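Asker: Have a look at this one.
The values are calculated or read from the model by the stated rules, or taken from the named source; none is laboratory data. Predicted model, so just to flag it, every value in this text is computed and none were measured. Methodologically, a virtual Cβ is constructed for each residue, glycine included, from the backbone with ideal geometry; neighbour enumeration extends over all protein chains shown.
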Amino acid sequence: MSGEALVFYSAVDNAQEWRAALTAALPDLDVRIAPDIGDPADIRYALTWVPPAGFFALFPNLQLVVNLGAGVDALMKRDDLVPVKFARLNDPGMEAMMASYVIFAVTRYARDIPVFERAKRRGEWDYVHPRPLFEIKVGVLGLGELGAASAKALAAMGFSVTGWSRSPKDIPGVTALTGRDGLERVLSENEIVVCLVPLTPDTHHLLGAPELALMPKGAKLVNVSRGALVDEVALVEALRSGQLAEATLDVFETEPLPKGHPLWALDNVLITPHVASITVPALAARDVAESIRRVRQGLPPLHEVDPHRGY
Ligand code: NDP
């Protein structure tokens, strides 16, 4: 045994596919798939998705935990973290896939497709005159790796795009705002709003009844980040009252969305089962390998997570 191993844990990912991808990216890496971990003292790196409580404390020489996904809310809220470096996955494949979903959802509204879907079900020809894309204002909450890629893709298509983040951004073609006043402007000035901020203690129920009320009547919401960014009770009410005309939801406060949840019954909601973007092992393993190389040299890993910020 090398004495410098990576432990892999996930109940949902394909461990053998990851082992092959990691070994291709870093041939000297000893990959151990939990529970087959050998001597815990050998483990320096962990690549995990929601491991059992107490998992990280098993490894006295652990230096780096890489979360098997871009969203680290489930990791950051644990009470059994150990003082090591944390990183998450994010690769160009994930950005492209997220941007494709966002473009689909926004374009579906911009081109009045739900109106035609309903007309087809009624067997009626319901003409709505198309609007030029530059007239359609789209807000993107969160201008990180996925938000910025999606905002740029929307701007490149010709939409008028305004984004919002914690720190100021300079993204060609995108008006970038910050702060509470910036959030209120994004909500009140855009007819389609896309949520791509991470779930942290600061962003839990970022969009509640008061924020949804700021949106223009008949606005549309696309949530592809985490369900708990939006107060679902207020969301259902806004969708019933017509304050929101439509929503595309890929994420929910409880997943899978429980049977009988009021969102299932709303005709103006498109529900997808948390599929907006995924990690492709062959691409993401290169970043994991690079992070390990960096940590070996005493450098920060790629896509480092700040536990104090929560993302
Ligand atoms: P990043 O960490 O790269 O970006 C997060 C963005 O949100 C940054 O622009 C950040 O601002 C901003 N932000 C964070 N907190 C606040 C705040 N309190 N106020 C204002 N802005 C804030 O994340 P990614 O773009 O990689 O991913 C975003 C989320 O997408 C993930 O957290 C995950 O939950 C979700 N996701 C969903 C998937 C799906 O299939 N549905 C797949 C993958 C990810 P700043 O730039 O200033 O730091």
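Asker: Looking only at residues that are assigned to a loop (DSSP other than H, G, I, E, B) and within 14 Å of the ligand (Cβ to nearest atom) in region 152-175, which one is nearest to D202 (Cα to Cα)?
Answerer: Filtering region 152-175 for residues assigned to a loop (DSSP other than H, G, I, E, B) gives 158-159, 166-170, 172-173.
Checking which are within 14 Å of the ligand (Cβ to nearest atom) leaves us with 166-170.
On the way: R166: 11, S167: 14, P168: 18, K169: 20, D170: 23 Å.
The qualifying residue nearest to D202 (Cα to Cα) is R166.
Asker: Within the bounds of region 119-134, is there any residue that is away from the ligand (no atom under 16 Å from the Cβ) and within 30 Å of D73 (Cβ to Cβ)?
Answerer: In the first step, residues of region 119-134 are kept if they are away from the ligand (no atom under 16 Å from the Cβ); the result is 119-134.
The next check asks that each one be within 30 Å of D73 (Cβ to Cβ); those that pass are none.
Scanning region 119-134, I find no residue that is away from the ligand (no atom under 16 Å from the Cβ) and within 30 Å of D73 (Cβ to Cβ), so the answer is no.
Asker: Please indicate, with yes or no, whether at least one residue in region 243-250 is touching a helix residue (DSSP H, G or I) at 6+ places or on another chain (Cβ under 9 Å), farther than 20 Å from D73 by Cβ and of a type in the set (S, T, Y). If you could, list the steps in order and put the result at the bottom.
Answerer: Looking only at region 243-250, we keep the residues that are touching a helix residue (DSSP H, G or I) at 6+ places or on another chain (Cβ under 9 Å), and these are 243-250.
Next, from what is left, pick out any that are farther than 20 Å from D73 by Cβ: 243-248.
Those left that are additionally of a type in the set (S, T, Y): 248.
Yes, region 243-250 contains a residue that is touching a helix residue (DSSP H, G or I) at 6+ places or on another chain (Cβ under 9 Å), farther than 20 Å from D73 by Cβ and of a type in the set (S, T, Y).
Asker: Given the condition without any contact (Cβ under 8 Å) to a residue 40 or more places away in the chain, away from the ligand (no atom under 13 Å from the Cβ), among the small types (G, A, S) and touching a Leu at 6+ places or on another chain (Cβ under 6 Å), answer yes or no: does some residue in region 226-246 qualify?
Answerer: yes
Asker: For region 15-101, please list each of the strands (runs of 3 or more DSSP E) lying entirely inside it that holds at least 3 residues being under 26 Å from L283 (Cβ atoms) and away from the ligand (no atom under 16 Å from the Cβ).
Answerer: Values: elements: 30-33, 43-49, 64-67, 85-88.
Qualifying strands (runs of 3 or more DSSP E): 30-33, 43-49.
Asker: Check off (1) more than 25 Å from K220 (Cα to Cα); (2) surrounded by fewer than 20 Cβ atoms within 10 Å (Cβ to Cβ); (3) modelled with pLDDT of 95 or more for G93 and give me the number that stays unchecked.
Answerer: The single condition G93 does not satisfy is (3).
Asker: Within the set of pairs 6 or more residues apart or between chains, which connect a residue that is assigned by TED's automatic domain parsing to the domain that holds R111 inside region 188-204 to a residue that is among the basic types (K, R) and more than 16 Å from the ligand (Cβ to nearest atom) with Cβ atoms less than 8 Å apart?
Answerer: Filtered contacts from region 188-204: E189/K137; N190/K137; E191/K137; E191/K220; I192/K137; I192/K220; V193/K220.
Asker: Same structure again: When residues of region 113-151 are filtered for being in contact (Cβ under 8 Å) with a residue 24 or more places away in the chain, within 19 Å of E189 (Cβ to Cβ) and assigned to a loop (DSSP other than H, G, I, E, B), how many remain?
Answerer: Matching residues across region 113-151 total 4.
Asker: Would you check if there is a residue in region 231-243 being crowded, with 22+ Cβ neighbours inside 10 Å and of a type in the set (D, E, K, R)?
Answerer: For region 231-243, residues crowded, with 22+ Cβ neighbours inside 10 Å and of a type in the set (D, E, K, R): absent.
Asker: On to the next question. Is it the case that some residue within region 236-244 is among the small types (G, A, S) and at positive phi?
Answerer: Restricting attention to region 236-244, the residues satisfying the condition of being among the small types (G, A, S) are 238, 241-242.
Still in the running and at positive phi: 242.
Checking region 236-244: at least one residue is among the small types (G, A, S) and at positive phi.
Asker: Follow-up question, since we're still on this one. Would you be able to say whether some residue in region 144-151 is at positive phi, modelled with pLDDT of 95 or more and either more than 11 Å from the ligand (Cβ to nearest atom) or touching a strand residue (DSSP E or B) at 6+ places or on another chain (Cβ under 8 Å) (or both)? Explain how you work it out, then say what you get.
Answerer: Keep residues of region 144-151 that are at positive phi, which gives none.
Within region 144-151, none of the residues are at positive phi, modelled with pLDDT of 95 or more and either more than 11 Å from the ligand (Cβ to nearest atom) or touching a strand residue (DSSP E or B) at 6+ places or on another chain (Cβ under 8 Å) (or both).
Asker: Related question: Within the bounds of region 128-141, is there any residue that is surrounded by 14 or more Cβ atoms within 10 Å (Cβ to Cβ), within 15 Å of the chain's Cα centre (by Cα) and not charged (D, E, K, R)?
Answerer: Among the residues of region 128-141, at least one is surrounded by 14 or more Cβ atoms within 10 Å (Cβ to Cβ), within 15 Å of the chain's Cα centre (by Cα) and not charged (D, E, K, R), which makes the answer yes.
Asker: Take R185 and decide whether it is within 17 Å of P216 (Cα to Cα), assigned by TED's automatic domain parsing to the domain that holds E232 and of a type outside the set (G, A, S). Please lay out each step first, then the result.
Answerer: Values: within 17 Å of P216 (Cα to Cα): yes; assigned by TED's automatic domain parsing to the domain that holds E232: yes; of a type outside the set (G, A, S): yes.
In short, yes.
Asker: Now a separate question. Looking at V197, V193 in this structure, which one is in contact with a helix residue (DSSP H, G or I) (Cβ under 7 Å, 6 or more places away or on another chain) and more than 8 Å from the ligand (Cβ to nearest atom)?
Answerer: Just one listed residue meets the conditions, V193.
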